[in-house]
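Data first, discussion second: the structure below is written as structure tokens.
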Amino acid sequence: MLTRLVAAVEIIRPHNMAAAALSVVVGYAVAGGRGVGEALVAAAVTALVTGAGNVINDCYDVSIDRVNKPRRPLPSERLGRRGAFVYYAVLTVAACAAAAALLPARVAWLVAAWQAALFGYAARAKRVFLAGNVLVAAIASSAFLAGAILAGRPGAALVPMAIAFVFVMSREVVKGGEDLAGDAAAGVHTLAVRLGPRRAGAVAAGLMLFLAAALPAPAIAGYYGPTYFWLMEALVVPLLVVAAVVVVRRPERRAFARVSWMLKVGMFVGILAIAAGQR
């Protein structure tokens, strides 16, 4: 029983859910939102959608994960595939019901779009060259948009969305390098499969260095204050530069895995920098 419970928590990836929820709250804050309650509801719904998306992705990726990540709940058989589908359905229905009952229609429709896109990603788009990467980056970055829409100023989400999009695209390319063996065997056409790990690493490094160079721009342009600037320059930019160097010098699975976690940490710090840097 305890093993299944741990697996049920593990498969939804709580850290991903937390990042999505935090992005909604920050998007709401930068758009000038004032009601904490509605932001928390939107964040909770977004977390549910994210968790459901992780479950359905693992349902379709069992054969890939047997090669790349055999300790995950489904390939390790700590959780059954049929049970995972039921789990996905419960999370999806809960998110739909909460969105319809508690959120404005414009946000509820965005939630529905996320659910459709995440299912499409898991079932098909992941295997299409670059399409899955772009779709994941678009979904992840639009969490800021949900918060900004809720606050009535969707335009305020453009800068954090752009930052998040490049961040996630970088990590998607890196994850493709990490998962090369299983992806190649399953016919998933990532950059690493198409171009090889060395060239994929170079593309990821280019994205990371571009982002590192661009991060000061919002503060220089006056969108965010000095706290944003110094947090990004002191913590996120060095992390991106080091990560870029690592994937270029050592385009191998262990290095890609390390950089993937570095980027995950960088995303959390970046979200907090945006929140702290409001004028």
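The values are calculated or read from the model by the stated rules, or taken from the named source; none is laboratory data. All values derive from a computational prediction rather than experimental measurement. Neighbour counts are summed over all protein chains in view; Cβ atoms, including those assigned to glycine, are modelled from backbone coordinates with ideal geometry.
Could you check how many residues of the range 123-149 are in a helix (DSSP H, G or I), modelled with pLDDT under 95 and hydrophobic (A, V, I, L, M, F, W, C)?
So the answer is 3.
Counting just the residues of the range 16-32 that are crowded, with 21+ Cβ neighbours inside 10 Å and not aliphatic (A, V, I, L, M), which one comes out farthest from residue 261 (Cα to Cα)?
Only one residue tops the list, namely 28.
Would you mention how many residues in the range 35-49 are surrounded by fewer than 21 Cβ atoms within 10 Å (Cβ to Cβ) and touching a residue at least 40 places away in the same chain (Cβ under 8 Å)?
3
Only one residue in 140, 146 is surrounded by 24 or more Cβ atoms within 10 Å (Cβ to Cβ) and over 27 Å from residue 254 (Cα atoms), so which one is that?
Exactly one of 140, 146 is surrounded by 24 or more Cβ atoms within 10 Å (Cβ to Cβ) and over 27 Å from residue 254 (Cα atoms), namely 146.
Name the one entry in 123, 157 that is buried (at least 16 other Cβ atoms within 10 Å of the Cβ) and either more than 16 Å from the chain's Cα centre (by Cα) or closer than 20 Å to residue 17 by Cα (or both).
Exactly one residue qualifies, and that residue is 157.
Name the one entry in 254, 258 that is among the charged types (D, E, K, R), loosely packed, with under 15 Cβ neighbours inside 10 Å and under 23 Å from the mean Cα position of the chain (by Cα).
254
Okay, residues lined up against (1) closer than 24 Å to residue 142 by Cβ; (2) at pLDDT 95 or above; (3) out of contact with any strand residue (DSSP E or B) (no Cβ under 7 Å at 6 or more places or on another chain):
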{"residue": "161", "(1), (2), (3)": "yes, yes, yes"}
{"residue": "170", "(1), (2), (3)": "yes, yes, yes"}
{"residue": "193", "(1), (2), (3)": "no, no, yes"}
{"residue": "203", "(1), (2), (3)": "yes, yes, yes"}
{"residue": "209", "(1), (2), (3)": "no, yes, yes"}
{"residue": "232", "(1), (2), (3)": "yes, yes, yes"}
{"residue": "245", "(1), (2), (3)": "no, yes, yes"}
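For the range 254-275, name all the residues that are touching a helix residue (DSSP H, G or I) at 6+ places or on another chain (Cβ under 6 Å) and either over 27 Å from residue 226 (Cα atoms) or part of a loop (DSSP other than H, G, I, E, B) (or both).
Across the range 254-275, the qualifying residues are 255, 256, 257, 259, 260.
Filter the range 1-36 for residues that are under 13 Å from the mean Cα position of the chain (by Cα) and not hydroxyl-bearing (Ser, Thr, Tyr) and give the result.
Once the filter is applied, which keeps residues that are under 13 Å from the mean Cα position of the chain (by Cα) and not hydroxyl-bearing (Ser, Thr, Tyr), the range 1-36 yields 12, 13, 14, 15, 16, 17, 18, 19, 20, 21, 22, 24.
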